[in-house]
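The values are calculated or read from the model by the stated rules, or taken from the named source; none is laboratory data. Everything quoted here is computed from the prediction, not taken from an experiment. As a convention, Cβ positions derive from the backbone with ideal geometry for all residues, glycine included, and neighbour counts pool all protein chains shown. Accessible surface areas use protein heavy atoms only, side chains included; no ligands, DNA or RNA. Shrake-Rupley method; radii C 1.70, N 1.55, O 1.52, S 1.80 Å.
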Amino acid sequence: QVQLVESGGGLVQPGGSLRLSCAASGINFSLYIMDWYRQAPGNQRELVARIIQSGSTNYADPVKGRFTISRDNAKNTVYLQMNSLKPEDTGVYYCKANWLFHIYWGQGTQVTVSS
């Protein structure tokens, strides 16, 4: 059974930092492209960051220079370090695993940036 379990969300003030984790089980983690998405109320889910099998990364323009995605294949875990958080970063953050036609999503973790 495949599971992706996100953690690390919470309430943080503008300018603060959070580190999200997504622990995967039931898959050969190193084969998968790993993504972080987010969804704000009333908005579509959007791609925030991607890390491929080689470790190369891509970021959405609104988070470039503030967020960092990384992976630890030994721990089957992908991380999202979020710095200089803004109120517009508020939303539910989801991790996604993608390899060929195998796609899996986590249940999401809430991030709220507010003073």
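Scanning the range 1-11 for residues that are at pLDDT 95 or above and either open to solvent by 60 Å² or more (accessible area, probe 1.4 Å) or within 30 Å of S115 (Cα to Cα) (or both) yields Q3, V5, E6, S7, G8, G9, G10, L11.
Against the numbered list (1) more than 15 Å from N98 (Cα to Cα); (2) in contact (Cβ under 8 Å) with a residue 12 or more places away in the chain; (3) of a type in the set (D, E), D35 comes up short only at (1). Total residues in the range 72-83 satisfying the condition of being open to solvent by 40 Å² or more (accessible area, probe 1.4 Å) and either touching a Cys at 6+ places or on another chain (Cβ under 6 Å) or of a type outside the set (G, A, S) (or both): the figure is 6. Residues in the range 34-47: is at least one open to solvent by less than 20 Å² (accessible area, probe 1.4 Å), in a strand (DSSP E or B) and not charged (D, E, K, R)? Yes, that holds for at least one residue. Of the numbered criteria (1) at pLDDT 95 or above; (2) out of contact with any Leu (no Cβ under 9 Å at 6 or more places or on another chain); (3) not in a strand (DSSP E or B), the one P14 fails is (2). Check whether at least one residue in the range 43-58 is touching a residue at least 60 places away in the same chain (Cβ under 8 Å), closer than 14 Å to W99 by Cβ and out of contact with any Ser or Thr (no Cβ under 7 Å at 6 or more places or on another chain), and report yes or no. No, the range 43-58 contains no residue that is touching a residue at least 60 places away in the same chain (Cβ under 8 Å), closer than 14 Å to W99 by Cβ and out of contact with any Ser or Thr (no Cβ under 7 Å at 6 or more places or on another chain). Determine, yes or no, whether D61 is within 18 Å of Q39 (Cα to Cα), of a type outside the set (S, T, Y) and open to solvent by 50 Å² or more (accessible area, probe 1.4 Å). Yes. Suppose the filter is within 19 Å of S30 (Cα to Cα), open to solvent by 30 Å² or more (accessible area, probe 1.4 Å) and touching a residue at least 60 places away in the same chain (Cβ under 8 Å); does N98 pass it? For N98, the condition - within 19 Å of S30 (Cα to Cα), open to solvent by 30 Å² or more (accessible area, probe 1.4 Å) and touching a residue at least 60 places away in the same chain (Cβ under 8 Å) - is met.
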